[in-house]
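Q: Provided herewith is a single structure, encoded as structure tokens, for subsequent inquiry.
The values are calculated or read from the model by the stated rules, or taken from the named source; none is laboratory data. In this text the structure is predicted, and so the values were computed from the model without any measurement. Ideal geometry is used to build each Cβ from the backbone, glycine not excepted, and the neighbour counts take in all protein chains shown.
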């Protein structure tokens, strides 16, 4: 794991100054050891790419590229690109005559002198959702690039900022609905077939990791399954049934007993949560998550799991549709607006007036979209903020430990799923249909509901967006 920062400036001197600031960044704000190294420098010296951490060897084909391929250089041009779900983020900071892009917000802030300039809009995020709304970061002047966006930086100027065009994969033409999602998911896991040792699937009794297991089986990818929990827990029992049907090795790890020494280190856990997530997540929400910036523990098999499965179910739209009020009648704009308000402003009274106003301003675009189509707007809001910000921070924590592949966040999978009518996603019909295409044997064991009990697959619905 390593972090990447790129500088594009109008002059060689300006580029050198920003490069020096990036190299001098305080290592205490980075979750892995430094110092930074220059991996690529443009002819003329007006653009530079730096890596912090265990980066590729200078001079290799990947030396000037970020670990996720989101930041790279060609000629004298710096490029940055995000996927639909933004689980591999890009942050941008502009100063006079120069632009900085990085996959870590605090490094961009350090290079541009903004570590001590907090953005008040972030206060609301910490007190409500636990992750930001829109493009805000903890630092004023450092912004998150939106999903499915591409930038070009030339001589310190921001070139065309456009939607990244994703071409359909071979054989996708003519496919739609569950068939398109099944094909995309199978292709997303296929590269794991060459993993040595075999990939490890985090398997529960729920729907999402089961879907990834089915895709791995369909792609004939060798893998092992692992479940975290106590014997007799529904997740462990159903996961064992799934592994047995697929004939794969299944390991169960038991949770640590309450009161373990590191569990009592509240301040240490708070710092680890903030440090690993780059300020993108509330430390209070991650107090019990177990995130630890421990580079010495990195390595091991590639891991995969069902992260991102909510995107196949309509995100917040499904949650709204299944509320008691929505069960009696189709969800209207007023009800959706109330759900949105509860999610985003439930602790607004704890903020000072200036910070509250700054935070509320970030809510205006998604709030306005609710009137045009409440369920569709909640679906979009989930993709832009929950998936794009919370999942990005969680992914960074995982990557510090081992390689992580999240096939349900792959662009082809997300595009194919979002092309399916929202009512078919909210009812779980898409999940069932894809699973039936990939591995119908796994339709048998009922999925566990919220990790507690085994429940039948829900029926279809007639809700609309």
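Q: Picking from 423, 389, which residue would you name as being farther than 30 Å from residue 197 by Cβ and touching a strand residue (DSSP E or B) at 6+ places or on another chain (Cβ under 8 Å)?
A: The match here is 389.
Quick grid of which residues meet (1) loosely packed, with under 12 Cβ neighbours inside 10 Å; (2) in contact with a strand residue (DSSP E or B) (Cβ under 9 Å, 6 or more places away or on another chain); (3) farther than 19 Å from residue 408 by Cα:
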residue	(1), (2), (3)
213	no, yes, no
230	yes, yes, yes
236	no, yes, yes
247	yes, no, yes
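Q: Residue by residue through region 105-121, note down the ones that are more than 25 Å from residue 36 (Cβ to Cβ) and either buried (at least 23 other Cβ atoms within 10 Å of the Cβ) or touching a strand residue (DSSP E or B) at 6+ places or on another chain (Cβ under 7 Å) (or both).
A: Result: 121, single match.
Q: Which number in (1) under 18 Å from residue 317 (Cα atoms); (2) at pLDDT below 85 marks the one condition that residue 416 misses?
A: Looking at each condition in turn, residue 416 falls short on (2).
Q: Another question about this same structure. Within region 172-201, track down each residue that is in contact with a helix residue (DSSP H, G or I) (Cβ under 9 Å, 6 or more places away or on another chain), part of a strand (DSSP E or B) and more than 21 Å from residue 444 (Cβ to Cβ).
A: Selection gives 199 alone.
Q: Quick one: would you say residue 393 is under 21 Å from the mean Cα position of the chain (by Cα), within 30 Å of residue 144 (Cβ to Cβ), at pLDDT 90 or above and assigned to a helix (DSSP H, G or I)?
A: No.
Q: Now a separate question. Residue check: is residue 442 touching a helix residue (DSSP H, G or I) at 6+ places or on another chain (Cβ under 9 Å), on the phi < 0 side of the Ramachandran plot and modelled with pLDDT of 85 or more?
A: yes
Q: All but one of (1) in contact with a helix residue (DSSP H, G or I) (Cβ under 9 Å, 6 or more places away or on another chain); (2) without any contact (Cβ under 8 Å) to a residue 24 or more places away in the chain hold for residue 74; which doesn't?
A: (1)
Q: Looking at region 368-392 only, could you name the residues that are surrounded by fewer than 18 Cβ atoms within 10 Å (Cβ to Cβ) and under 28 Å from residue 117 (Cα atoms)?
A: none
Q: State whether the residues of region 249-266 include one that is surrounded by fewer than 19 Cβ atoms within 10 Å (Cβ to Cβ), at pLDDT 75 or above and part of a helix (DSSP H, G or I).
A: Among the residues of region 249-266, not one is surrounded by fewer than 19 Cβ atoms within 10 Å (Cβ to Cβ), at pLDDT 75 or above and part of a helix (DSSP H, G or I), which makes the answer no.
Q: Of 43, 33, which residue is touching a residue at least 24 places away in the same chain (Cβ under 8 Å) and out of contact with any strand residue (DSSP E or B) (no Cβ under 9 Å at 6 or more places or on another chain)?
A: 43
Q: Tally the residues that are on the phi < 0 side of the Ramachandran plot and out of contact with any strand residue (DSSP E or B) (no Cβ under 7 Å at 6 or more places or on another chain), restricting the search to region 77-93.
A: Summing the residues that are on the phi < 0 side of the Ramachandran plot and out of contact with any strand residue (DSSP E or B) (no Cβ under 7 Å at 6 or more places or on another chain) in region 77-93 gives 5.
Q: It is to be established whether one or more residues within region 56-65 are modelled with pLDDT of 90 or more, under 21 Å from the mean Cα position of the chain (by Cα), in the same structural domain as residue 22 (by TED's automatic domain parsing) and on the phi < 0 side of the Ramachandran plot.
A: Checking region 56-65: at least one residue is modelled with pLDDT of 90 or more, under 21 Å from the mean Cα position of the chain (by Cα), in the same structural domain as residue 22 (by TED's automatic domain parsing) and on the phi < 0 side of the Ramachandran plot.
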